[in-house]
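Contents: one structure, followed by commentary.
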Amino acid sequence: MPNALATLISLLIDSLAYGMTLFLISVGLTITLGVMRVVNLAHSTFAMIGGYLALYLMQAQGVNFYAAVPLAVLGTMLVGALLERTLYRWVYRSNDLGQLLMTIGMAFIATAIIKNLAGPQIQSLSLPASLAGNWQLGPIDVSIYRVFLMAVSGIVAALLWFSLEHTTFGASLRAAVDNPRMARCVGINVPVVFASTFAIGCGLAALGGALGAQLLPLEPYYGLKYLVLVLIVVAVGGLGSLRGSFYAALLLGVLDTLGRYYVPAIGGFVIYISVLVILLLRPRGLVAPA
């Protein structure tokens, strides 16, 4: 196999792992913004919280990677549920501008708290020995960690799609969003549905933040630094479209990675040029909401 082709395949594997990480982090915002219709610019902050919780558990408490990540997800879900029942109750009652200002303010506050608690340095989670190294497939080196990341993300995407489309909870969520008053009349506890959905979205972001810390290192400005990428995924995919966010995250991951490698002089702009072209051709996103 020619070296150029082997390099391209390795880059595609890396870009798909990157795209899957973006999907995990952004899918919660797809639900809250597109389905629950809440402008939550603090969403990527929950990915940062999940990453730092996993880091704390591993470094300070000696918890292994496979236990620290689920515990960090659960901890972030608890934080998300608490905030949803307190601060976000005000956000729900605000108009779009009010939601934007309140949630971006939360992101700045979280940034300051993390900077004081964890310091300003960039950090990353140490991978266990089972995820370190590569598989050698002929001339191609395949990262075990990236394959693991893609596998976990794919399973999560399938479970999430099934839960939203084919379960009572998914139907309850859609009913609660479309007509809260009628939903209450048929026995749906709308506040509980909203709190559960919000917490799940926070947990998914935390999973992406913890698992993807090797690709998107942890830092106090994480929630603000990657907010643009998260918003791009949601906008390109189509507001409220789980399938669209999945396609968009993979597509943007590939374009960004290949652009930075093959045209490094303008590599940082490739993703933005691609977004401009996509939205000009499909203003409502890759998968337009119904």
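The values are calculated or read from the model by the stated rules, or taken from the named source; none is laboratory data. Since this is a predicted model, take the numbers as computed values, not measurements. Ideal geometry is used to build each Cβ from the backbone, glycine not excepted, and the neighbour counts take in all protein chains shown. The accessibility values were calculated without ligands, DNA or RNA, using every heavy atom of the protein model including side chains. Shrake-Rupley method; radii C 1.70, N 1.55, O 1.52, S 1.80 Å.
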> Tally Lys and Arg at +1 and Asp and Glu at -1 over the other residues with C-beta under 11 Å from the C-beta of LEU239: what net charge comes out?
Replying inline: +2
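With Cβ to Cβ distances under 14 Å as the rule, what net charge do the other residues near GLN214 carry (K, R +1; D, E -1)? Write out the running numbers ahead of the final one.
Values: positive: ARG146; negative: ASP14, GLU219.
Residues close to GLN214 contribute a combined charge of -1.
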> Roughly how much of ARG282 is accessible, in Å² to the nearest 10, using a 1.4 Å probe?
Replying inline: 110 Å²
>> At 0.36 nm per residue, and after removing the present C-alpha to C-alpha distance, how many nm does the segment from ALA129 to ASN189 gain when stretched out fully?
In response: 17.1 nm
> Tell me, what is the percent relative contact order of segment 10-166, built from C-alpha pairs under 8 Å that lie six or more residues apart?
Replying inline: 31 percent
>> How much of the pair distance distribution for segment 134-290 lies past 28 Å, counting alpha-carbon pairs only, in percent?
In response: 33 percent
>> Between segment 159-176 and segment 181-198, what is the separation of their alpha carbon centroids in Å?
In response: 12 Å
> Which order do ASP14, ASP256 take by accessible area at a 1.4 Å probe, largest first?
Replying inline: ASP14, ASP256
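Would you work out the charge dipole size for the chain about its Cα centre, treating the Cβ of every Lys and Arg as +1 and the Cβ of every Asp and Glu as -1, and quote it to the nearest 20 debye?
Values: 14 positive and 8 negative charges, 136 e Å.
The calculation lands at about 660 debye.
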> Roughly how many percent of the accessible protein surface of segment 95-209 is carbon and sulfur, given a 1.4 Å probe and a whole-percent answer?
Replying inline: 68 percent
> Taking the convex hull of the alpha carbon atoms in segment 99-193, what volume per residue do you get, in Å³?
Replying inline: 210 Å³
> Rounded to whole Å and sorted largest first, what semi-axes of the equivalent ellipsoid does the C-alpha gyration tensor of segment 1-47 yield via the square root of 5 times each eigenvalue?
Replying inline: 35, 9, 6
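Between LEU71 and ALA171, 0.36 nm times their residue separation minus their Cα-Cα distance comes to what? Don't skip to the end; give the middle numbers.
Details: separation 100, 0.36 × 100 = 36.00 nm, distance 2.84 nm.
Residue separation times 0.36 nm, minus the Cα-Cα distance, leaves 33.2 nm.
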>> Using a 1.4 angstrom probe on the protein heavy atoms only, could you order GLU219, GLU84, GLU165 from most to least accessible area?
In response: GLU165, GLU219, GLU84
> Once the Cα atoms of helix 65-85 and of the chain are each reduced to a long axis, what angle between those two axes, in degrees from 0 to 90 to the nearest 10, is obtained?
Replying inline: 30 degrees
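For the chain, what's the relative contact order in percent, using C-alpha pairs closer than 8 Å and at least 6 residues apart? The partial results should precede the final answer.
Working: 442 pairs, mean separation 105.2, N = 290.
For the chain, the relative contact order is 36 percent.
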>> Counting heavy atoms of the protein chains only and a 1.4 Å probe, report the per residue accessible area for the chain as a whole number of Å².
In response: 47 Å²
> Ordering PHE23, PHE269, PHE162 from largest to smallest accessible area (1.4 angstrom probe), what's the sequence?
Replying inline: PHE269, PHE162, PHE23
> Percent relative contact order of segment 205-290, based on C-alpha pairs within less than 8 angstrom and at least six residues apart?
Replying inline: 31 percent
> Hey, what angle do you get for helix 267-281 against the long axis of the chain, alpha-carbon based, 0 to 90 degrees rounded to 10?
Replying inline: 50 degrees
>> Connecting C-alpha atoms closer than 10 Å in a GNM of the chain, tell me which of ALA210, ALA81, ALA67 has the biggest fluctuation.
In response: ALA67
